[in-house]
Amino acid sequence: DAKTTQPTSMDCAEGRAANLPCNHSTISGNEYVYWYRQIHSQGPQYIIHGLKNNETNEMASLIITEDRKSSTLILPHATLRDTAVYYCIVRVNNNDMRFGAGTRLTVKP
Amino acid sequence: KAGVTQTPRYLIKTRGQQVTLSCSPISGHRSVSWYQQTPGQGLQFLFEYFSETQRNKGNFPGRFSGRQFSNSRSEMNVSTLELGDSALYLCASSLGGSRGMGRPAFFGQGTRLTVV
């Protein structure tokens, strides 16, 4: 079973920031939070990951709460091409990733 | 650096047949895992291999099996195909082991299997 819970769907206006929440209240101390997205049944695309600190890369920012029980993925300026299903998972270094249903983000013009 | 390569991309098989799917991981990656994705069940973990050994297995019948070779390439096999095995099969590769701590896994584009 997935160790994370996410809203089923969200909408965002093009050009605005998209903030996608994820709850992982049972996360272990050595588990990282990873975000992936999947567009049109292609393979999931890695976005970003973090352990405790906030992280930023060219695609997104990841904010992890101090107690590590939840996190938020931020797409700063969403475009239509960001419409996808976004998955939040927790893992150590194994490839045994348990995916939930993810959040279907729709970016609207 | 080449990404994860899955072959074939599309496959049509008949019920009762068997099928073998292939996954070539990113160079240097030693861990490969397989996932089944269907509209009803979402992304489900099948099994993971690291250094030619199966490390974890999901809740799938014994008809689903896999292996990993010394060059880290992996194959999965489904025997006695059923209509319900129609799905997108994805593999993911990562460094694995202690070097994999805090490093992401990367997915291939998948093999779309249709059982008729």
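The values are calculated or read from the model by the stated rules, or taken from the named source; none is laboratory data. Only a predicted model underlies this, so the values are computations on that prediction, with no experimental measurement involved. In this analysis, Cβ positions are derived from the backbone assuming ideal geometry, glycine residues included, and neighbour counts consider all displayed protein chains.
If the condition is being touching a Gly at 6+ places or on another chain (Cβ under 7 Å) and at pLDDT below 95, then the stretch B:4-28 contributes no residue at all. Of the strands (runs of 3 or more DSSP E) lying entirely inside the stretch B:31-109, the ones with 2 or more residues being closer than 16 Å to B:V4 by Cβ, more than 9 Å from every other protein chain (Cβ to nearest Cβ) and not hydrophobic (A, V, I, L, M, F, W, C) are found at B:64-68, B:74-78.
For the stretch A:17-38, a residue qualifies if it is of a type in the set (A, V, I, L, M, F, W, C) and either within 11 Å of another protein chain (Cβ to nearest Cβ) or surrounded by 17 or more Cβ atoms within 10 Å (Cβ to Cβ) (or both), and the qualifying residues are A:A18, A:L20, A:C22, A:I27, A:V33, A:W35. Applying the criterion of being aliphatic (A, V, I, L, M) and under 24 Å from B:T38 (Cβ atoms) to the residues of the stretch B:88-116, the residue that is farthest from the chain's Cα centre (by Cα) is B:V116. If you go through the stretch A:47-70 and keep only what is hydroxyl-bearing (S, T, Y) and within 14 Å of A:A18 (Cβ to Cβ), you end up with just A:S61.
Yes or no, residue by residue, for (1) in a strand (DSSP E or B); (2) closer than 25 Å to B:F50 by Cβ; (3) without any contact (Cβ under 8 Å) to a residue 40 or more places away in the chain; (4) within 11 Å of chain B (Cβ to nearest Cβ):
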| residue | (1), (2), (3), (4) |
| --- | --- |
| A:G15 | no, no, no, no |
| A:S41 | no, no, yes, yes |
| A:I63 | yes, no, yes, no |
| A:I74 | yes, no, no, no |
| A:H77 | no, no, no, no |
| A:I89 | yes, yes, no, yes |
| A:N94 | no, yes, yes, yes |
| A:G100 | no, yes, no, yes |
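Among the candidates A:T26, A:T106, the residue that is modelled with pLDDT of 95 or more and either of a type in the set (S, T, N, Q) or under 15 Å from B:G102 (Cβ atoms) (or both) is uniquely A:T106. Looking at the stretch B:13-26, is at least one residue exposed (fewer than 11 other Cβ atoms within 10 Å of the Cβ), away from chain A (no Cβ under 13 Å), closer than 22 Å to A:I39 by Cβ and of a type outside the set (G, A, S)? No, the conditions are met nowhere in the stretch B:13-26.
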